[in-house]
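Asks: Next up is a structure, given as structure tokens.
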Amino acid sequence: MNYTTQQDVLDFVEDNNVKFVRFAFTDIFGTQKNIAVLAGDLPKALEDGVCFDGSAVPGFMQVEESDLVLRPDLSTLTILPWRPAEGRVMQFFCDIEQPGGKPFGGNCRGFLRQIARRFRQLGLVCNVGAECEFYLFETDERGRPTRIPLDLGGYLDVYPLDAAENLRRDICLTMEQMGLAPQHSHHESGHGQNEIDFHHASPLKTADNVMMFKQIARAVAGRNGLHASFMPKPLAGQAGSGLHINISLYRDRQNLFEGDIAPDSPAGSFMAGVLAHSRELTAFTNPLPNSYLRFGCDEAPRYVSWSRQNRSQLVRLPAVEGDNCRMELRSPDPACNPYLAVGLILAAGLDGLEHRMELCAPVNRNLFELQPGEAAALGLEALPATLEEAVAAAQASPFLAKYLPEGLAQRYYQQQLRRCAKLRDAADPAEFERAQYFCAI
């Protein structure tokens, strides 16, 4: 849908029997929030924005200066098809500002938009795609999630091992109905684990799509008596869930990732920047203590390296041709804030371009089979092993200090360290983590 004026939106509301409008946004940790406005109040809401208490949203504002305003992005208008057909519900994604139009540092959509604009200033077109893994669990007689996976299927299995065929179909059809473009869907390696991939789009559109996809998956799962969990490692002994980020760059309609990539080429420098800053980025791409249980097994990377095809690497170049040529970053997980994660990944690539970094040689080894001491002998740097280590790397990073609004960064790190402290103090850390994040993420 492409609506550019307030009158376009008001006409759509009238023509489609819309009664409620949700103004959706995310906090700095990627949790979606929303305020519902009755259709009759929409003209004023579009004109003035919607005010809310920023002090009640973790990481936003203090009580003594708490007002924030939602400004909808009209181009993101969509109907929520799982809500009633009579008195329909419509949704926008919103940017956030302070009263009077002053910019708000916690507006993560705005942060990603600014980073994407820099590519255009360099004469580059940047496309981003996402591959999102998630688990489906049964619910109890009261509708509460259990830890029983929907099935015992594995990678690319079919019915009866794969019990989610129809549900993935419903998710993909709902995505299409709402303007998203699913590309592939299948059962993943873990029991009850699934993956749905999106066609590439602009960076901001893809981040919006990740948020919408998670909303769709939860709604469709709930309608079928199931729970969709995007927790990075919900089951010990089963594969973790990743959010693989695919990036392509174009100049004069030429895909810079196509063919051989010279170490000092634009594509090589972009990849070098991502690799150089990958440890610092990890606090944002992998935001939970649970995230670090995933690294180093079941095709989740542990070391800072790249190669072609090789799924044990942090960055790989898939064996594809033409417009499908791209780099794939395999460390992020679906608990991240996609606006911050994608924005910072792209900023790292930009830093590589601006400083003309040279791409290191590929590591054509299965890094999951390294023997003790081999990583050091190969000169491989490891990703942070814990969230505390990731936060320390981020706090010491001049790169992040340059790109991130200071207030946002400090609030983000403080909240993450609180999460770590609460987990350490819990009588049963594993149970505490499941209680905190299993349903919420």
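Asks: Counting only protein heavy atoms and using a 1.4 Å probe, what share of the accessible area of the stretch 1-79 belongs to carbon plus sulfur, as a whole percent?
Replies: Heavy-atom surface of the stretch 1-79 belonging to carbon and sulfur, 1.4 Å probe: 47 percent.
Asks: Applying 1/(1 + (r/R0)^6) with R0 = 51 Å to the Cβ-Cβ distance of Ala376 and Cys51, what FRET efficiency is obtained, to the nearest 0.05?
Replies: E(calc), rounded to 0.05, equals 0.40.
Asks: Beyond 28 Å between alpha-carbons counts as too far, so tell me which of Lys205/Lys402; Lys205/Lys422; Lys214/Lys402 fall in that bin.
Replies: Check vs 28 Å cut-off fails for Lys205/Lys422; Lys214/Lys402.
Asks: Average projected area of the Cα convex hull of the stretch 340-409, in nm²?
Replies: On the way: hull surface 25.6 nm².
Its Cα hull, projected and averaged over all orientations, spans 6.4 nm².
Asks: Let me have the relative contact order for the chain, percent, based on Cα pairs under 8 Å that are six or more residues apart.
Replies: Working: 866 pairs, mean separation 66.5, N = 441.
Answer for the chain is 15 percent.
Asks: Let me ask something else. Is it possible to state the helix-based mean residue ellipticity at 222 nm for the chain, with each DSSP H run of 4+ residues giving -39500 (n - 2.57), the sum divided by total residues, to the nearest 500 deg cm²/dmol? What is it?
Replies: -10000 deg cm²/dmol
Asks: Lysines near Lys44 by alpha-carbon distance under 17 Å, same-chain residues fewer than 8 away left out - which ones?
Replies: Correct list for Lys44: Lys19.
Asks: Once neighbouring chains are kept in place and the probe is 1.4 Å, which whole percent of the accessible area of the stretch 298-396 is contributed by carbon and sulfur?
Replies: That share works out to 44 percent.
Asks: If the label point is 7 Å along Cα→Cβ of Arg118, which residues in the stretch 382-413 have backbone nitrogen under 12 Å from it?
Replies: Counting backbone N atoms under 12 Å from the label point, the list is 399-405.
Asks: Relative contact order for the stretch 1-147 using alpha-carbon pairs under 8 Å, separation at least 6, rounded to a whole percent?
Replies: 22 percent
Asks: Quick one: what does P(r) look like for the stretch 124-190 with 5 Å bins over all Cα pairs, in whole %?
Replies: Bins of 5 Å from zero give 4, 14, 20, 20, 18, 13, 5, 3, 2, 1, 0 percent of pairs.
Asks: Keeping every protein chain present and rolling a 1.4 Å probe, give me the accessible area per residue for the stretch 1-69 in Å².
Replies: Ligands and nucleic acids excluded, the result is 53 Å² per residue.
Asks: Place a point 7 Å from the Cα of Leu161 along the Cα-to-Cβ direction; which residues of the stretch 190-230 have their backbone N under 13 Å from it?
Replies: So the set is 190-193.
Asks: Tally up the carbon and sulfur contribution to the accessible surface of the stretch 92-160 as a whole percent, 1.4 Å probe, everything protein left in place. Don't skip to the answer; put the middle values down first.
Replies: Values: 1780 of 3400 Å².
The C+S portion of the solvent-accessible surface of the stretch 92-160 is 52 percent.
Asks: Keeping all protein chains in place, calculate the accessible area per residue for the stretch 189-326 (probe 1.4 angstrom), answer in Å².
Replies: Per residue, the stretch 189-326 has an accessible area of 32 Å².
Asks: Rank by packing, highest mean first: peptides 381-387, 396-402, with packing defined as the count of other Cβ atoms within 10 Å averaged across residues. Each step should come with its number before you reach the end.
Replies: Working: 381-387: 17.0, 396-402: 13.9.
Ranked from most to least packed, the peptides come out as 381-387, 396-402.
Asks: For the stretch 45-78 and the stretch 356-380, what is the separation of their Cα centres, given in Å?
Replies: So the two Cα centres are separated by 46 Å.
Asks: Please work out, to two decimal places, the log10 of the ratio I(q)/I(0) at q = 0.12, 0.16 Å⁻¹ from a Debye calculation in which every Cα of the stretch 1-159 carries one identical scatterer.
Replies: Debye curve over Cα of the stretch 1-159, log10 I(q)/I(0) at q = 0.12, 0.16 Å⁻¹: -0.74, -1.08.
Asks: Let me ask you something else. Consider just the alpha-carbon atoms of the stretch 244-353 and return their Rg together with their Dmax, both in angstrom.
Replies: Cα-based Rg and Dmax for the stretch 244-353 come out at 13.5, 43 Å.
Asks: Next up: If every alpha-carbon in the stretch 1-87 counts as one equal scatterer, what log10 I(q)/I(0) does Debye give at q = 0.11, 0.17, 0.20 1/Å?
Replies: Results for the stretch 1-87 at q = 0.11, 0.17, 0.20 Å⁻¹ read -0.34, -0.77, -0.99.
Asks: Any chance you could check the Cα centroid distance between the stretch 220-283 and the stretch 103-147 for me, in angstrom?
Replies: Between the Cα centres of the stretch 220-283 and the stretch 103-147 lies a distance of 11 Å.
Asks: Apply the Karplus parameterisation 6.51 cos²θ - 1.76 cosθ + 1.60, with θ equal to phi minus 60°, to every residue of the stretch 226-234 and state each ³J(HN,Hα) to the nearest whole Hz, in sequence, with x for glycine and proline.
Replies: Couplings: 10, 10, 9, 10, 9, 4, x, 9, x Hz.
The values are calculated or read from the model by the stated rules, or taken from the named source; none is laboratory data. These figures come from a predicted structure and were not determined experimentally. Every residue, glycine as well, gets a Cβ built from its backbone with ideal geometry; the counts of neighbours run over all protein chains shown. Surface accessibility is based on the protein's heavy atoms, side chains included, excluding ligands, DNA and RNA. Shrake-Rupley method; radii C 1.70, N 1.55, O 1.52, S 1.80 Å.
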